[in-house]
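The values are calculated or read from the model by the stated rules, or taken from the named source; none is laboratory data. Just so it is clear, the model here is predicted, and its values are computed rather than measured. Heads up, the Cβs are rebuilt from the backbone with ideal geometry, glycines too, and the neighbour counts pull from every protein chain shown. Heavy atoms of the whole protein, side chains included, go into the accessibility calculation; ligands, DNA and RNA do not. Shrake-Rupley method; radii C 1.70, N 1.55, O 1.52, S 1.80 Å.
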Amino acid sequence: MNCADTFPERVLSGMRPTGALHLGHYHGALKNWVRLQQDKPCYFFVADWHALTTHYESPEVIASHTHDMVIDWLATGVDPDKATLFVQSRLPEHAELFLLLGMGTPLAWLERVPTYKEQISNLKDKDLLTYGFLGYPLLQAADILIYQARWVPVGADQVPHIEISREIARRFNTLYGKDPQIEAKARAAAAHLPDEERQRLLALRRGADQEGHVDMREQAHALISASKLSRPDKDALRAQVDGGRRSILREPEALLTPESRLPGLDGRKMSKSYGNSIAIREERSSVEHKIRRMPTDPARVRRTDPGDPEKCPVWQFHLAYSDEACREWVRRGCTSAGIGCLECKQPVIDAVLREQQPMLERAQPYVDNPALVRDILDAGTAKAQQTARETMREVRDAMGLRSA
Ligand code: TRP
Ligand code: SF4
């Protein structure tokens, strides 16, 4: 199999079930998911086993958190007709791949992931010196590799996890992708190419192998893909180009999500634990109340004191929500004390409510009928499972383990 052909641009991402999501999640991640699903096959899943790595003492909240979070996905426009939505723990295949990958993964790779030591010291009230927590990135690698995903949209904090997934895939392919007959197979396949293409391929392969031109390796792959050869012939030539190994697991790439432009109500990062967030589905009156109470430039003690938008968290909301005309009105009004802060906040309140209205509407049917959410996840899980099982057959095969 060659994943480049079978799964052209598959996108995969997961989120730990933290319950109801906030606008930071929307502007940070979900907006991006909604965009990606328009033109790429997307797999989005609830990483509930990952939640257990830190919350193993309170597994009982995970089901309701999953439900609430998936409704928020749907509310923001993640579309089950376009994307495949599922729950990690319902796919034991992830656990099997995690186990098999674990056999050959050096401990040091896991110990040196930056989030590992960081989290252990950040979350001091939890005992994270567990096998499960150390294995967090390996489980994530299994999540990704089992779908042969090409792109993994994540925030900057997750990039090391994608890097280790690449290393793990490469190591797997090196260990188990050897094919002693590759040269003979590749020679036979090349004989089916027109002379000119065959010579060009040979030149590219030499350039890549002997002179280390990476782009030549890519050009060789492009030439093979564009050729009229049969699938097995293409596979043999690709394997030869890659140094005599079959690529069983595809190396994924991080698709860095642009940093959310929306901070929390107090100007720090928006986070439920800081108490500075607005939920994706929040009562209108509560949204109004929260924004009205937002801190502003501390220099504006009285209405007549001029202020500086750069020192005010409300300005950050204008940057996320307002057009240039409105921003200009704020800049002038604030620095000249021409407008009051409540006045300044009103367009932000209106914009947030306008953004949330369609979300509330999209969520309503699922709130009224939770069975709809279950059906979506059932269908998504069944679809994901087909792919996961295919990969596991290849993985077992490569390792000489028999599939049932
Ligand atoms: N670790 C990710 C996070 O905390 C969640 C996650 C688990 C994930 N498995 C994944 C993300 C696979 C992308 C791909 O956000
Ligand atoms: Fe902030 Fe607007 Fe008040 Fe200026 S006028 S301090 S930008 S809320």
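Worth a mention:
- Loop-located trypsin sites (Lys or Arg not before Pro) in region 328-404 (DSSP state other than H, G, I, E, B) with a sparse environment of at most 10 neighbouring Cβ atoms within 10 Å: Arg402.
- Ala20/His213 FRET efficiency (R0 56 Å; Cβ-Cβ; nearest 0.05): 0.65
- For Ile376, the shell of other residues with beta-carbons less than 15 Å away shows a net charge of -2, using +1 for Lys and Arg and -1 for Asp and Glu.
- Å² per residue, accessible surface of region 133-233 at 1.4 Å: 50 Å²
- Rounded to the nearest 10 degrees, the angle from helix 214-226 to the longest Cα principal axis of the chain is 80 degrees.
- Listed residues Ile278, Ile224, Ile146, most fluctuating in the chain (Gaussian network, C-alpha, under 10 Å): Ile224
- A cut-off under 13 angstrom between Cβ atoms defines the neighbours of Glu343, and their net charge, with Lys, Arg +1 and Asp, Glu -1, is +4.
- Apportionment of accessible area to carbon and sulfur, region 282-366, percent (1.4 Å): 54 percent
- In degrees, nearest ten, helix 231-241 long axis to first principal axis of the chain (Cα): 80 degrees
- Whole-Å semi-axes of the ellipsoid equivalent to region 216-306 (Cα gyration tensor, √5λ, descending): 59, 16, 12
- Solvent exposure of region 282-366 as accessible area per residue, Å², 1.4 Å probe: 54 Å²
- GNM top mover of Leu377, Leu85, Leu107 - the chain, alpha-carbon springs below 10 Å: Leu107
- For Met103 and Ala382, the FRET efficiency from 1/(1 + (r/R0)^6), where r spans their Cβ atoms and R0 equals 35 Å, is about 0.75.
- Restricting attention to the chain, close to 10% of DSSP beta bridges with both partner residues there are antiparallel.
- Selected from Gln119, Gln346, Gln181 as most flexible by GNM, with the chain as the system and alpha-carbon contacts under 10 Å: Gln181
- Approximate shape of the chain as ellipsoid semi-axes (Cα gyration tensor, √5λ), whole Å, largest first: 47, 25, 20
- The relative contact order of region 106-204, computed from alpha carbon pairs under 8 Å that lie at least 6 residues apart in sequence, is 23 percent.
- Potential extension, Lys117-Leu372 segment - 0.36 nm per residue separation minus Cα distance: 87.8 nm
- Net length gained if the chain between Ala188 and Arg303 were fully extended (0.36 nm per residue, minus Cα distance): 33.1 nm
- When only the Cβ of Lys, Arg, Asp and Glu is charged (+1, +1, -1, -1), the dipole of the chain relative to its Cα centre reaches about 300 debye.
- The Tyr274 and Lys178 beta-carbon pair, evaluated with R₀ = 60 Å, returns a calculated FRET efficiency of approximately 0.70.
- Between Ala337 and Ala63, the distance separating the two model label sites (each 7 Å from Cα on the Cα→Cβ line) works out to 6.0 nm.
- Full-stretch length increase - Leu401, Lys124 - with 0.36 nm per residue and alpha-carbon distance subtracted: 95.6 nm
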